[in-house]
Amino acid sequence: MKFKSNYLQEVYDGLEKHYPEQKEFLEAVGEVLMSLEPVVAKNPKLEEDNVIGRLVEPERVILFRVPWIDDNGKVQVNRGYRVQFNSAIGPYKGGLRFHPTVNLSILKFLGFEQIFKNSLTGLPIGGGKGGSDFDPKGKSDREVMKFCQSFMTELAKHIGADTDVPAGDIGVGGREIGYLYGQYKRIRNEFTGVLTGKGLTYGGSLARTEATGFGLCYYTEEALKTLKNDSFKGKTVVISGSGNVAIYACQKATELGGKVITMSDSNGYVVAPNGIKLDVVKQIKEVERGRIKEYPARANDGSEYHEGCSGVWGTKADIYLPCATQNEIDGESAKKIVANGAIAVCEGSNMPSTPEAIEEYKKAGIMFGPAKAANAGGVATSALEMSQNSERLSWTFEEVDEKLQGIMKNIVHNSIDAAARYGCDGDLQIGANIAGFEKVANAMLAQGIAY
């Protein structure tokens with residue numbers, strides 16, 4: 001990757017030399033640093049105090065083994081991680097991911113993105129991420145419980161309500177959070193808001209389950225209104241994924257007047273020309289933990305199932321909301337989206353579009369909402385859960401939802417304003433990177449070099 005700034009080039013080359021195998025992390029850093037070129041040019045103090053060089057290295061990386069006993073009495077061992085990336089504006093905050101693909105590169109990329117995402121919310125939370133290569137799929141509830149208890153036995157040494165507050169991510173839902181929280185409480189003998197995404201009976205927040213998907217649609221609606229004088233109303237929508245983010249993005253997009261025609265999982269996707277029946281998807285995915293290929297027979301609505309995931313981007317629509325996983329849209333898939341006449345791509349999953357894909361969107365004039373801004377609703381509501389825990393209060397669904405809408409609208413306008421300050425009018429990606437960075441950089445400068 002080539003930069004105009006010698007300083008940024010030096011920082012990036014140093015990372016590439018030290019971590020050549022961490023492709024996802026290098027991609028995430030490169031994307032942000034490219035946006036920061038005009039900021040660095042106007043602010044020599046950033047180079048003098050090597051703010052960028054400090055920003056791209058985690059404050060702490062914790063790696064540990066997780067031994068547990070399966071239902072056959074066999075001892076299994078997985079790897080556990082926590083990347084505590086930056087605490088300049090608040091305690092580390094970011095999810096835990098349990099999935100076989102988890103490695104240090106992915107968690108560093110997610111933790112790095114989380115710094116800016118959390119900053120954009122306007123709330124006092126730093127960036128972190130963690131997880132394990134453990135796969136909950138195919139495991140019994142008891143096996144998942146045993147793994148979570150072993151995982152938390154080590155993690156508990158490194159987290160706390162004012163230090164690091166994890167949440168859920170892929171493979172870590174309400175069940176896993178419950179087991180993790182129960183073990184933390186047992187070990188530490190305290191009932192605190194150390195995890196978010198908790199059940200409502202023990203400190204969870206209303207609207208947290210819906211927050212990332214709802215927030216994605218609030219962001220998209222506000223960006224469409226502001227930049228294109230448009231909305232979801234009357235638009236067809238392609239959504240990838242069928243997990244938490246995708247399900248609630250589907251619900252809110254429909255409520256805002258759109259028609260969602262696709263959903264997917266790691267095996268394939270369904271196309272429902274008359275609109276996805278969300279109750280059927282929820283039964284399959286949330287209740288039965290089944291596969292999306294079961295949808296057509298259950299829905300009986302003329303929908304079709306297709307093997308493979310990338311084909312979903314060839315489905316013609318107005319708005320595309322990728323909600324599955326990183327790098328799910330490459331350059332070729334982006335060309336299909338452009339050919340389909342899309343007006344917007346807003347990211348519900350983390351870094352779903354490759355740099356080549358983003359280039360295609362921008363060349364075609366498609367409105368692009370980057371993940372760190374568009375999917376910030378989840379962590380924003382997690383921070384609201386932290387506030388409720390601190391005050392020993394429980395807000396209504398409507399109160400939390402109203403705050404979420406306000407946060408997502410502010411992210412849109414702060415991104416637009418930041419982009420305009422540096423001559424990049426209407427560029428939501430550059431604007432989000434700059435707006436998120438400036439708050440963190442100012443805090444780092446204020447706290448001194450030893451920080």
#### Entry: In nm, spacing of pseudo-spin labels at E48 and N442 (7 Å Cα→C-beta vector)
1.8 nm
#### Entry: Distance from region 230-308 to region 336-367 (C-alpha centre basis), Å
20 Å
### Query
R65 versus E402, label points 7 Å from Cα toward the beta carbon: distance in nm?
5.4 nm
### Summary
Using the Cα gyration tensor of region 211-374, the equivalent ellipsoid's semi-axes, largest first and to the nearest Å, work out to 23, 17, 14
### Query
Most exposed first by the Cβ proxy, i.e. fewest other Cβ within 10 Å, how do I411, I261, I319 rank?
I261, I319, I411
### Query
How much of the calculated P(r) for region 6-55 lies past 15 Å, in percent of all Cα pairs?
41 percent
### Message
Testing the spin-label approximation: label points 7 Å from Cα along Cα→Cβ at K4 and D330. State their distance in nm.
### Response
3.1 nm
### Task
Please tell me the relative contact order of the chain in percent, rounded to the nearest whole number, where contacts are Cα pairs under 8 Å and at least six residues apart.
15 percent
### Message
From the C-alpha coordinates alone, can you work out the Kirkwood hydrodynamic radius of region 68-151, in Å?
### Response
13.8 Å
### Query
Assigning unit charges at the beta carbon (Lys, Arg +1; Asp, Glu -1) and nothing else, what dipole magnitude in debye, to the nearest 20, does region 6-55 show about its Cα centre?
160 debye
### Task
Take the cross-link list K93/K157; K129/K372; K117/K403; K23/K285; K23/K108; K372/K439 and give me the ones stretching past 19 Å between alpha-carbons.
K23/K285
### Query
What are the radius of gyration and Dmax of the chain, computed over its Cα atoms and given in Å?
21.0, 64
### Charge context of N350, other residues only, Cβ under 13 angstrom, K/R +1, D/E -1
-2
### Query
For region 162-269, what does the alpha-carbon gyration tensor say about shape, rounded, prolate or oblate, given a ≥ b ≥ c as the root eigenvalues, a/c under 1.5 as rounded, and a/b over b/c as prolate?
prolate
### Message
Please compute the alpha carbon radius of gyration of region 268-346, then divide it by the globular-protein estimate 2.2 N^0.38 Å. Two decimals is fine.
### Response
1.15
### Query
Assuming R0 = 30 Å, what is the FRET efficiency of N300 and N267, from their Cβ-Cβ distance, to the nearest 0.05?
0.90
## Note on the structure
The Rg/Rh figure for region 277-319, Cα atoms and Kirkwood Rh, to two decimals is 0.99
#### Entry: FRET efficiency estimate (nearest 0.05) - Cβ-Cβ, E356 to T201, R0 41 angstrom
0.35
#### Entry: Set of lysines near K335 by C-alpha distance (under 17 Å), chain-local residues within fewer than 8 positions excluded
K316, K362, K363
### Message
Give me the net charge for the shell around G241: Cβ to Cβ below 9 angstrom, other residues only, Lys and Arg +1, Asp and Glu -1.
### Response
-2
### Query
Taking N as the number of residues in region 292-451, what is its alpha-carbon radius of gyration divided by 2.2 N^0.38 Å?
1.27
### Query
Roughly how compact is region 4-94, stated as its Cα Rg over 2.2 N^0.38 Å to two decimals?
1.48
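Read the figures in this text as sums done on the coordinates, not as results from a lab. This structure is a prediction, so every number in the text was calculated from the model and none was measured. All Cβ positions, even for glycine, are placed from backbone atoms using ideal geometry, and neighbour counts span all protein chains on display.
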